[in-house]
Amino acid sequence: MTAAVEAEQAYEILTVETVPRYIAERPALRGLIDPAQITRVRDVGDGNMNLVFVVESSGGNLVLKQALPWVRIDPTWPITPERNRFEAQALRAHGSAAPGLVPAIYDADDARHVVAIEDLSDHRVWRGALNEGLRHEGAATDLGHYVARVAFGTSVFGLGAEAHKAAVAASVNPELCEITEDLVFTEPYIRHEHNKILPANAQDVADYAGDPRVRTAIGMAKLAFMTHAEALIHGDLHTGSVLVRAEEPGRARSTRAFDVEFAFYGPVGFDIGALWGNFVLAAARARALGDDEHATWVLGLAEEAWAAFRAEFTALWPGRADPRVYGDGVLEGFLSGVYGDAVAAGAAKAARRVIGFSRVADIETLPEDVRVTAIRGVLRAARLLLVEGAATEGPGALFDRVGDALAGES
Ligand code: SR1
Ligand code: MG
């Protein structure tokens, strides 16, 4: 019997048919949705790892997300469903630090590894919108605020020494961290069966992953990821983990970070870098398709997110615990550390999506000849970030240079 089958037998895996009964069994849910009034259950899970159901009823909707004991897109790869508990815990902590910027959580079922959350079907996944050339103005600002509020509110600055230590201890998430350590910081830099490289990009990958400066910077970034327990970061804040809804007459814009199962106490710059790396991927797509205007707009989101993060974190700073030693010089030192971590993480997050496991639509849906150009641009940009990024003054100047690298001008 495979590990996957053994694990399956340990708890009930939900289906469209069994969801109404599941809701009836959960006191917290049957108070929200009358199981008899359910009109439709849709299986909408299209991510790498989980089942997701949208439950519609005449009295309102909700979403159930269930962790499978294996990777959904590779059932031979077992993975702990305990990640669902980290998701629930982080959703609560992030909802309290950054209200309105993550989905509301209604219920957490540790036995069947299910969370019930707010239905945000009137939003769309940002990656898809960016790839269609759509502009959701303000989303990057919202995400900068989200990262800042979570960074401050869950850090030693927001919690104080004792509560911070308790929160760090409660949020150790080794299996999910190991996935990132492997997929983001290791496998793209070694020979690995997960790596799929087009022949026309073989030299690009060799130039990138073989550059000793790249390898040292990636090693340092991995060390920071594994050891800098700054805040309860999202841990996987790519554009596929963001839902956006544009402002319309009578309706405010809305931006939500979701899929927080990778949350753990790590470096704040990893979340900013995840956004930056995915802006590089979206811009590489646009540039390779000849839409330079969209590429330039997307790269401008890097500075927008950073400016919002910096302003919000600075606004929260007067409320910090222990200002006796944590003076304003510490604020500057902390922010410059986040900036350096973000630059390296951005490079790592972009490069992994064009070399290793878990590719993205930004690149994979391009015709092969265009894809080769986009991948070449991504690897040039990642190398620039790793080698010269931390010394380049601010994300405005830096992402102008990334634009040049995507265009083959650096
Ligand atoms: C096993 S697949 C893992 C990847 O999917 C998630 O979205 C994360 O990005 C992770 O690296
Ligand atoms: Mg995810």
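The values are calculated or read from the model by the stated rules, or taken from the named source; none is laboratory data. What you see is a predicted model, and the numbers here were worked out from it, not measured in a lab. Reconstructed Cβ throughout: ideal geometry from the backbone, glycine too, with neighbour counts over all protein chains shown. Ligands, DNA and RNA are excluded from the accessible area calculation, which covers all protein heavy atoms including side chains. Shrake-Rupley method; radii C 1.70, N 1.55, O 1.52, S 1.80 Å.
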Within segment 213-245, backbone nitrogen closer than 14 Å to the virtual label 7 Å beyond the Cα of residue 192 toward Cβ: 218-219, 222-223
For segment 304-353, state which trypsin sites (Lys or Arg not before Pro) are in a DSSP loop and have at most 12 other beta carbons lying within 10 Å of their beta carbon. 324
Around residue 291 (Cβ within 14 Å, Cβ-to-Cβ, excluding residue 291; K/R +1, D/E -1) the net charge comes to -1
If one takes the longest principal axis of the Cα atoms in the chain, at what angle in degrees, from 0 to 90 and to the nearest 10, does the Cα axis of helix 83-97 lie? 80
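Take the solvent-accessible surface of the protein heavy atoms, probe 1.4 Å, and return the percent of it on the chain that carbon and sulfur atoms account for. Please list the in-between numbers first.
Details: 8810 of 16580 Å².
Solvent-exposed carbon and sulfur of the chain make up 53 percent of the total.
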For the chain, calculated [θ]222 nm from helices alone, where every DSSP H run of n ≥ 4 adds -39500 (n - 2.57): -16000 deg cm²/dmol
Rounded to the angstrom and largest first, Cα extents along the principal axes for the chain equal 62, 57, 50
Sequence-separation-based contact order of segment 262-410, relative, with Cα cut under 8 Å and 6+ spacing, percent: 36
What does the charge count near residue 376 come to, summing +1 for each Lys or Arg and -1 for each Asp or Glu among other residues with Cβ under 15 Å from its Cβ? -2
Remind me, relative contact order of segment 162-288 in percent, using alpha carbon pairs under 8 angstrom and six or more residues apart? 28
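Taking 20 °C and 1.002 mPa s as the conditions, I'd like the Stokes-Einstein D for segment 3-117 in µm²/s, using the Kirkwood hydrodynamic radius from alpha carbon pairs.
On the way: Rh = 14.6 Å.
Estimated via Stokes-Einstein, D reaches 146 µm²/s.
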Convex hull volume per residue for segment 217-314, taking Cα atoms only, in Å³: 134
Cα-based helix-to-principal-axis angle, 394-406 vs the chain, degrees rounded to 10: 80
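Just the accessible area per residue of segment 124-406, please: how many Å² with a 1.4 Å probe?
On the way: 10780 Å² over 283 residues.
Per residue, segment 124-406 has 38 Å² of solvent-accessible surface.
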Below 8 Å between Cα atoms, with a sequence gap of 6+, how large is the relative contact order for the chain in percent? 17
What number comes out for the charge environment of residue 43, summing +1 per Lys or Arg and -1 per Asp or Glu over other residues with Cβ under 12 Å away? +2
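In Å², and per residue, what accessible area does segment 3-117 have when probed at 1.4 Å with the other protein chains present? Intermediate results must be reported in sequence, preceding the final value.
Values: 5000 Å² over 115 residues.
Ligands and nucleic acids excluded, the figure is 43 Å² per residue.
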Need the C-alpha centroid separation for segment 38-115 versus segment 220-299, integer Å. 20
